[in-house]
2 protein chains.
Amino acid sequence: MLNRYSKSFFQHPHLRAAAAIANPRIGHARSSTSSNQRLKPALQPNGLASTPRRSLPSFPCVAQHAARESRILSQRESQSSSSPDPSSSGPEPPYARPSPSTYQTYHHAEPFRLTYSDTPLPELDIAYETWGTLSPARDNAILLHTGLSASSHAASTRENPAPGWWEKFVGPGRALDTSQFFVICTNVLGGCYGTTGPSSIDPATSEPYATTFPVISIFDMVRAQYALLDHLGLEKLYASVGSSMGAMQSLAAGWMFPGRVGKVVSISGTARSSPSSIAMRFAQRSVLMADPNWNGGFYYDRLPPHTGLKLARQIATITYRSGPEWDIRFGRQLQAFPETAEQRTPALCADFLIETYLDYQGEQFCLKYDANSLIYISKAMDLFDMTESSLVELGLSPIGSTPPPTKPSVQARLHPPPANPAPHLPALAAGLRPLAHTPILILGVQSDILFPVDQQRELADALRMTGNSHVSYYELGGVWGHDTFLLDEQNVGGAIRGFLL
Amino acid sequence: MLNRYSKSFFQHPHLRAAAAIANPRIGHARSSTSSNQRLKPALQPNGLASTPRRSLPSFPCVAQHAARESRILSQRESQSSSSPDPSSSGPEPPYARPSPSTYQTYHHAEPFRLTYSDTPLPELDIAYETWGTLSPARDNAILLHTGLSASSHAASTRENPAPGWWEKFVGPGRALDTSQFFVICTNVLGGCYGTTGPSSIDPATSEPYATTFPVISIFDMVRAQYALLDHLGLEKLYASVGSSMGAMQSLAAGWMFPGRVGKVVSISGTARSSPSSIAMRFAQRSVLMADPNWNGGFYYDRLPPHTGLKLARQIATITYRSGPEWDIRFGRQLQAFPETAEQRTPALCADFLIETYLDYQGEQFCLKYDANSLIYISKAMDLFDMTESSLVELGLSPIGSTPPPTKPSVQARLHPPPANPAPHLPALAAGLRPLAHTPILILGVQSDILFPVDQQRELADALRMTGNSHVSYYELGGVWGHDTFLLDEQNVGGAIRGFLL
C-alpha cells in the first residue's frame, strides 16, 4: 500500500540504502576541507599560486532525481523486452500494472454526468473490494470512503493479503466489524487504482484521457459509488464512513441520498475547504505541474513527472503530522552516517532525520501514484463547499426521498458559541439542511493542521443549527495530527464502534 | 523592497496583467465544451465518426515559467547591447545590479573564521545602513537584525527613499525612535544585497563562490556584524533587536557578547529550530535545488532557477500568514475574469484568490533574490540551536566579559508550568545561561505557524530558568501569523517602545 500508511519508515530496508545513496555529507564542498586530497592548488591568471582552490561540490539529493529516471528507464526496458505482448511494450508507468484479480470492477456502460461538465463521461469503471457478508435483509452495508491517494484495498483480503490502508479498523471485532457489517470500499473516481481517472483510456481516442479528463467533484465521486450500489442492489446503507477526503464524500453521500444513508461518520474532514488547505494543495499542484516531465499531463507514453510528484508528496507529508509529534519522534537528531567525526559538518542536502523522513515519503510515493490523479482529486477537494449558495450555484440537490424542510436552529447548537463565529456558519447550516435528520459522528483532532479542529467544531455547530439532535462530536488530543485517523485505533476506532451500534 | 512586505497585491497593476496572462479558464479542456469551435470531430480507427474529440488543453500557469525565461533572456540581451562595459555583458541576475550608493559597505580585509569550516572566508563585505545620530557617549546604538530575505534597507533614507521592510517601525517617534537611537541594519552574511554571500566573487578564483561557499551559522552572521561594530568603534549596543531569523541573531548577539549588549528583543523567533520549521524550509530547498537551472548552484553566468525559487516562495508564503486571516481576506472567493458565466468552470491552474495570491508572491520574489542565498540562510536557521550540548559541540562560548555563572532556577519561571514540558527545556536553559543578566523582551504571536507560540513560551521559560528576572513576555492575538511583526505597528511597536525605555 501507499507508504504513508506503512508503520515505520526506519524499519524499511530501502531507507538505509536510499540514505546511503543520498549521503549529503559529500554534498558540501567544505565538508572535508581538512582532508588534503579534496583541496587542489590552482594557478591564478597572474601566474601566482593562489590559496587552495575548492573542488566542485556534488549534490546527491539532486542527483537522485536523474538516478531515479535511469532506474525507471532500465526497468521498463527489461519489462518490454521480456513481455510477449507487443501492445504492452514501451515505457509504462508502474500504476498502469495493477492486479485486477485482487479487486472487483463494476463497468458502468452508460454515460455518467458530471458536476462541472456539459459532456458526460462515456462510461465508467469502478474498482471495489468488500469485507464481511451482506445480510439477507441487505441492511448491514457500510460504504467506506478513502482519502486522496488510497486504493480500494482498505484491509487484507483472500485475493490480496497485503495489509490495507485501514487494516486495523476493518475486520471481525474491529471498528468496522465485518462479523456484523458488509463493508465496501472503492477507488475514487479520478483515481489510478482501477477506477476511471485521467490515466484511463478514453474510448473516443483509445488513448489515456490525460488532462482532457474533466474536472470532477466530490459529489461526482459519490454518485459513481451509488452507481455501484445500484448495481449491487443496495438500496440503503447502514452507514457512510470516511476520513479526510473520505469524510467529505461521507457527508456528501448523506446529503445527496438522505433516504439511503442510515448514519454518517466524518473523521478529520470538512464541509467547506478552507483557503489554507487550498493553499497547501495548490503548492503541491504547482510543483508537480512545473516538472517538465508532466508535459501538460501527457506523459503516459513517456517518463512520468516523478520528481515533481516526489516534491509534492514532501509538502503533503508536512501537513499530515504535527510539529509536536516530530519533536518527540525526531527532535533535532541528525541522520547517522558511517563517517568520522571530522566529516560531520552540515550539508546543503538533508542533515536532520525530519528531512530524511520527508525525502523518504516522497521517494516511496512518486512511482506508485498517478500525478494527474493527484491534480484532479486534490482539485475536487478544493472545490468542495456545502454552503447553500455554492450548492445552489452548482444546481445540486438531494436525490430521492428528502426529509421535511427544517428551520436553522440556533438553540440546538451545543457548543459554547465561538468567540469569533465564522461569517459563513449560517450559510453552511442552510446548505447542510438535508442532513438534519441523519445521525452523524464528527470527530476532529486538535493537532490536525490540514483540517483544523476549528473546522470540526464549525461542522458540528452547523449540523446542530439544522436542528439535527443526533450529532455526536469528539475531539482527540495527541500529537499525530491529520494522520490520527490512520493510527489511533483505540480512540478513533472506539468512537466509530460506539456510534455505529 | 521584497514584495512580501508590500501593502496590497491587489493594487499592483502587474497582478491584473499577470492574471490575464495566466488565465487558467482556458487551461481546462472541458471549460468550453459548450462552444462548438473547440470540439472537432475525429475519425476512429474503424472509420466511423466518433463522438467529438476534445481539443488539447493548455496550461498558462505552467507556460508562464517559459514566458518568464524568455523575458529574462530578452531583458539581458537589451542590457548587454546597451552597456558600454564589456565585462558586464551576458546574462546577469537582477540582484547582481544593486545600487551600492544607497547603502554603505564595510570591507573586512582579514580572514573571517566560521563555525562549520576549518577554512576562514578570505575577506568580507558587509552592507549596512544607519538611521539617527550616534550620541557623543556612543551609548545609543541599536543593531537591527533582519529576517531571511531582507536587505539592510529597513527604512527609507536620503540615499534611498524607497520604503524599507520595517518602514513603520524605524523613524522619529517610532518603535525604534531615531530621534533617540542610532539604528544600524546590515544585510546578513550569506545574503545577496551587498554582504558577502554565495553570489559574491571568491578572490581565489575570481568567480562567484556559488556552492563552494561554506555553510554558515547564525553565530557567524552575528560575528560579521560585530566586525562592523568594531570598525564603527561601537563597544556596546543599547539593544539588539530582531524578528524571525532576526530574533535568532538578536539572541545570539546577547549570548556571544553579553558585555556588549544592553537589551535583547526577540520577536517571533526561537532559540532552537524545531523539526516542523526545518521541514518547511527543507521542502523549499528541495523544490529549488530540483530546478535544472539551479545546476548545483552554478547559475551565475546563465539563467537562474527562477521557477524553483518561485515555487519555494509559494511554500514559504503559506507559513507566513494564518488560515483565519485567509478566511477573512480571501475566503473561497474565485479570481475574477472578464468571461461569460458559461466559461466559469474550474481549471487545473489557479481558481481561488488564495492561489493567485501565492502565485503572485512567488512570481514577484523569484527574480529579486538569489536562490543560493535562500539555501544557505535557511540552512543556517535550521542549524540554530542554543541548547547547551549543541553549543558545546560547536565549541561556541561567549566572548569578552561574561556574567558570573548562575544556577538554573526553576523558581524563577513565571509561566504556569506547561502540561507537557519539552524534554529539552532544562538543556535550553543551561545553554542560555550567558543571557541570565540581560533584560530580554520575548514577543510571540498565537496565530504564528512557523514559530509557534509554544516555542515563545518555551524560550521565555528557559530564560527565566537561568535566573533572569528581567524577561518581558507578550503574546499577541490577531490573525496575521508570523508576518505580524511586519504589520502590527501598534502592538509590536508598542511592546518594543515600552521595553527600550
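Points worth noting:
- The contact between chain A and chain B removes approximately 6600 Å² from the accessible area (both sides summed; 1.4 Å probe; ligands, DNA and RNA excluded).
- A simple spin-label model places pseudo-atoms 7 Å from Cα toward Cβ; at A:Glu489 and B:Ser179 they are separated by 7.0 nm.
- The simple Förster model, with R0 at 41 Å and r as the Cβ-Cβ distance, assigns A:Asp118 and A:Ala67 a FRET efficiency of 0.35.
- Across the copies of the chain, A:Arg113 has label points (7 Å from Cα along Cα→Cβ) spaced 7.8 nm apart, shortest distance listed first.
- Between the C-alpha center of the range B:418-449 and that of the range B:231-247 there is a gap of 20 Å.
- Between copies, the label points of B:Arg71, set 7 Å from Cα on the Cα→Cβ line, lie 3.8 nm apart, reported in increasing order to one decimal in nanometres.
- For the cross-link pairs A:Lys368/B:Lys310; B:Lys236/B:Lys263; A:Lys236/A:Lys263, the ones whose C-alpha atoms lie over 20 Å apart are A:Lys368/B:Lys310.
- B:His470 contributes about 110 Å² of solvent-accessible surface, heavy atoms of the protein only, 1.4 Å probe.
- Taking the range B:278-330 and dividing mean pair separation by its residue count, relative contact order in percent (alpha carbons under 8 Å, at least six apart): 38
- Cβ neighbours within 10 Å from other chains - mean over B:193-206: 2
- Accessible carbon and sulfur surface of the range B:114-257 relative to its total accessible area, %, 1.4 Å: 50
- Protection proxy ranking for B:250-259, A:386-395, using the average of other Cβ atoms within 10 Å per residue and placing the highest first: B:250-259, A:386-395.
- In terms of its C-alpha gyration tensor, the range B:281-340 has an oblate overall shape, because the principal axis ratio a/c (a ≥ b ≥ c, square roots of the eigenvalues) is not below 1.5 and a/b does not outweigh b/c.
- Ranked by the mean number of other Cβ atoms within 10 Å per residue, highest first, peptides B:317-328, B:483-494, A:368-379 order as A:368-379, B:317-328, B:483-494.
- Residue-averaged beta-carbon neighbours from other chains (10 angstrom radius) around B:109-119: 3
- Subtracting the Cα-Cα distance of B:Asp139 and B:Glu159 from their residue separation scaled by 0.36 nm leaves 4.7 nm.
- Sorted from nearest, the other copies put their A:Thr133 label points 9.6 nm away, the label point being 7 Å from Cα in the direction of Cβ.
- Cα-based shape type of the range B:266-375, given that a ≥ b ≥ c are square roots of the gyration tensor eigenvalues and the cut on a/c is 1.5: oblate
- Placing +1 on the Cβ of every Lys and Arg and -1 on the Cβ of every Asp and Glu, with no other charges, gives the range B:91-192 a dipole of roughly 300 debye about its Cα centre.
- Cα gyration tensor, the range A:214-325 - rounded (a/c under 1.5), prolate or oblate: oblate
- Peptide ranges A:449-459, A:144-154, A:59-69 listed from the most packed, as the mean C-beta count within 10 angstrom indicates: A:144-154, A:449-459, A:59-69
- Within 10 Å of each Cβ in A:287-298, the average number of Cβ atoms from other chains: 5
- The modelled label-to-label distance for the pair B:Gln75/B:Leu501, using points 7 Å beyond Cα in the direction of Cβ, is 4.6 nm.
- Inter-probe distance in nm under a simple model that places probes 7 Å from Cα toward Cβ, at A:Ala109 and B:Glu207: 6.7
- A simple count of charges around B:Ala312, restricted to other residues whose Cβ falls under 10 Å of its Cβ and scoring Lys, Arg +1 and Asp, Glu -1, yields +3.
The values are calculated or read from the model by the stated rules, or taken from the named source; none is laboratory data. Not measured: the values here are computed from a predicted model. In this analysis, Cβ positions are derived from the backbone assuming ideal geometry, glycine residues included, and neighbour counts consider all displayed protein chains. Note: areas computed on protein heavy atoms with side chains; ligands, DNA, RNA excluded. Shrake-Rupley method; radii C 1.70, N 1.55, O 1.52, S 1.80 Å.
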